[in-house]
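The values are calculated or read from the model by the stated rules, or taken from the named source; none is laboratory data. Predicted model only: the values in this text are computed from it and were never measured. Here Cβ is always computed from backbone atoms with ideal geometry, including for glycine, and neighbour counts include all displayed protein chains. Remember, those area values only see protein heavy atoms, side chains included, never the ligands or the DNA or RNA. Shrake-Rupley method; radii C 1.70, N 1.55, O 1.52, S 1.80 Å.
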Amino acid sequence: MSRFVKGESADPSPGLSIGALAARAEVPVETVRIWERRYGVPSPTRSAGRHRRYSEADVARVRWLAGRVATGQRIGEAVAALRLLDPGAGGDAPAHTALVAAALGGDQGAVEREVDRALAALDMVQALEAVVFPALVELGDRWERDQPVIASEHLLSQVVASRLSSLMTAARRDDGPVAVVHCPSGERHVLGAMALCTVLSHAGWQVTFLGADLPAAEAVRMAVLREARLMVAVHTLPRAPDPADAAGVPPGMLLAVAGPGAAGWRGAPDGPVLLGPRLDDARRVAAGLLAEIAPASTADARGVPAEGR
Ligand code: B12
């Protein structure tokens, strides 16, 4: 592929020519031209000599789009997904803004549509981290600033819980090593735990989710009954490590913590494994743990399969 496109080689302005962008992104120049004309991605500035100039972000966007197209996604859908992840790619506003507006307006249909749009365009972890969680965080921040958003927060979290419940059920498997997941005493936030259950199932774990506000001793009892290899406590509220949580955990059962409230836990040698801090990290760690204890497993450690989206 030529480095320069005719007429641009002599322009010393900063930024990349279309030829340089195309070479870096490993996409033909003509394809870049079409995507730019039809979808506005990439979006060049103009040099003093009126030539197009592209940024490193444009290279990353074109490369990302090419990756999605290579997996069989239509380019229009790939652009829509990119705009959810990257507002600089020509989206109107941050992707979670419409979801927050729908929740503030109490419009359940609109809330469901926005959540479903994100889940359809992206894989579950991306949809949660790029769209759904930021919307929840914004409502949480508004609540902290005494804005009257409690009903909207409840609306959004119950729609998200219902979608996660379906994803969790669809991902469930009846083979593989058992993982028991719970939210500990006093913890009523369950959304991150439900997402984690789905991630664990996709990684090849056979998951039992025990829900909210469960004393550690009860979770351990069930994990022993299920002969679990992994027991995970998901904390959204900040909580310091407590060695008492490990009481009764038999040898061979791995103890793990996850979620925003456990993000600061850093593995004491005999302490629990940290699944996180982000869901994407949890996905990787969960697949690694499974490979260690069951190397021949059928896990799809590469990510969320299409049916789980
Ligand atoms: C929805 C919600 C509720 C719902 C929960 C409904 C449900 N079914 O889960 C209800 C109404 C029950 C609720 C109650 C309360 N809540 Co509340 N709630 C929230 C809200 C809006 C979302 C919670 C959530 O799902 N967070 C998960 C995501 C959205 O958080 P995140 O920081 O983006 O997470 C990042 C990473 O940690 C990672 N991640 C998130 N989850 C997970 C999970 C795993 C496994 C992994 C690996 C990674 C991971 O992904 C994100 C990165 O992209 C948060 C706002 C917030 N900032 O979280 C407040 C928030 C957590 N709640 C808060 C409070 C204070 C309460 C109450 C005490 C309010 C009250 N006075 O009654 C009670 C406590 C209830 C209890 N005992 O547990 C505070 C906690 C403050 C603190 N740090 O101590 C928050 C932060 C609001 C705020 N800004 O002040 N809440």
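Per-structure values
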| quantity | calculated |
| --- | --- |
| Filter result for GLU153 (at pLDDT 95 or above, within 12 Å of the ligand (Cβ to nearest atom) and open to solvent by less than 10 Å² (accessible area, probe 1.4 Å)) | no |
| Positions within the stretch 226-267 being within 27 Å of the chain's Cα centre (by Cα), hydrophobic (A, V, I, L, M, F, W, C) and more than 22 Å from CYS197 (Cβ to Cβ), in sequence order | ALA240 |
| Residues satisfying the stated conditions in the stretch 105-137, i.e. open to solvent by 50 Å² or more (accessible area, probe 1.4 Å), within 13 Å of the ligand (Cβ to nearest atom) and not polar (S, T, N, Q) | PHE133, VAL137 |
| Subset tally (residues that are over 19 Å from the mean Cα position of the chain (by Cα), closer than 20 Å to ALA240 by Cα and not in a strand (DSSP E or B)) for the stretch 174-206 | 5 |
| Every residue from the stretch 221-255 that is under 19 Å from LEU200 (Cα atoms), in contact with a helix residue (DSSP H, G or I) (Cβ under 8 Å, 6 or more places away or on another chain) and without any contact (Cβ under 8 Å) to a residue 40 or more places away in the chain | MET253, LEU254, LEU255 |
| Subset of the stretch 156-202 (residues that are in contact (Cβ under 8 Å) with a residue 40 or more places away in the chain, more than 10 Å from the ligand (Cβ to nearest atom) and charged (D, E, K, R)) | ARG163, ASP175 |
| Filtered residues of the stretch 126-151 (kept if under 18 Å from the mean Cα position of the chain (by Cα) and among the small types (Gly, Ala, Ser)) | ALA127, ALA130, ALA135 |
| Some residue of the stretch 103-125 being in a helix (DSSP H, G or I), over 20 Å from LEU191 (Cβ atoms) and over 19 Å from the mean Cα position of the chain (by Cα) | yes |
| Residue in the stretch 72-85 that is within 16 Å of the ligand (Cβ to nearest atom) and either surrounded by 20 or more Cβ atoms within 10 Å (Cβ to Cβ) or touching a residue at least 12 places away in the same chain (Cβ under 8 Å) (or both) present | yes |
| Residues that are surrounded by fewer than 20 Cβ atoms within 10 Å (Cβ to Cβ), part of a helix (DSSP H, G or I) and in contact with a Lys or Arg (Cβ under 8 Å, 6 or more places away or on another chain), drawn from the stretch 89-102 | none |
| Selection within the stretch 158-214 - out of contact with any strand residue (DSSP E or B) (no Cβ under 7 Å at 6 or more places or on another chain) and of a type in the set (Asp, Glu) | GLU187, ASP213 |
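This table checks each residue for (1) closer than 19 Å to HIS235 by Cα; (2) open to solvent by 40 Å² or more (accessible area, probe 1.4 Å).
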site: SER157; (1), (2): yes, no
site: ALA171; (1), (2): no, no
site: SER185; (1), (2): yes, yes
site: LEU196; (1), (2): yes, no
site: GLN206; (1), (2): no, no
site: ASP213; (1), (2): yes, yes
